[in-house]
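Enquirer: This is the structure I want to talk about, given as structure tokens.
The values are calculated or read from the model by the stated rules, or taken from the named source; none is laboratory data. Everything numeric here is computed off the predicted structure, so don't read it as measured data. Neighbour counts run over all protein chains shown; Cβ positions are idealised from the backbone, glycine included. What goes into the accessible areas is simple: the full protein's heavy atoms, side chains included, and nothing from ligands, DNA or RNA. Shrake-Rupley method; radii C 1.70, N 1.55, O 1.52, S 1.80 Å.
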Amino acid sequence: MTGSGAAGPGQSGHGAYGPSCTDIHESVHGCDAMYRWMHVGRIGQWVLVLPVIAVLVVGLAWPASRKVIAISSWALAALALVWFAFYMYSAYNTF
């Protein structure tokens with residue numbers, strides 16, 4: 001039954017807004033999914049630091065392989081940007 005109850009005209013009182021992570025309609029655990037995505041994103045960024053360090057160490061140790069190191073560095077930078085966009089988009093879509 002819909003009507004003009006406490007939730008407003010045309011809405012039932014049960015589950016009218018759903019989980020929300022805004023200042024206006026914040027529920028008890030509305031932001032949990034967003035915080036999980038942000039945590040996973042931070043972990044992923046730290047995991048991506050390890051290959052970057054390895055590439056820099058190899059680049060310093062073997063100057064002859066600088067072309068491969070440069071390509072690897074740019075590829076890792078692109079991967080980090082794609083990962084950032086993915087987890088921010090996923091976090092944004094949870095609220």
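Enquirer: Scan the stretch 53-76 and give yes if some residue there is at pLDDT below 85 and outside any helix (DSSP H, G or I), otherwise no.
Expert: No, that holds for no residue.
Enquirer: Within the stretch 33-49, can one find any residue that is in contact with a Cys (Cβ under 8 Å, 6 or more places away or on another chain), part of a helix (DSSP H, G or I) and open to solvent by less than 100 Å² (accessible area, probe 1.4 Å)? Walk me through it before giving the result.
Expert: Keep residues of the stretch 33-49 that are in contact with a Cys (Cβ under 8 Å, 6 or more places away or on another chain), which gives 34.
Cutting the leftovers down to part of a helix (DSSP H, G or I) gives us 34.
Subset that is open to solvent by less than 100 Å² (accessible area, probe 1.4 Å): 34.
Yes - at least one qualifying residue is present in the stretch 33-49.
Enquirer: Scan the stretch 28-76 for residues that are of a type in the set (Gly, Ala, Ser) and under 21 Å from residue 88 (Cα atoms) and jot them down.
Expert: First pass over the stretch 28-76, keeping only residues of a type in the set (Gly, Ala, Ser): 30, 33, 41, 44, 54, 59, 61, 64-65, 70, 72-73, 75.
Result: 30, 33, 41, 44, 75.
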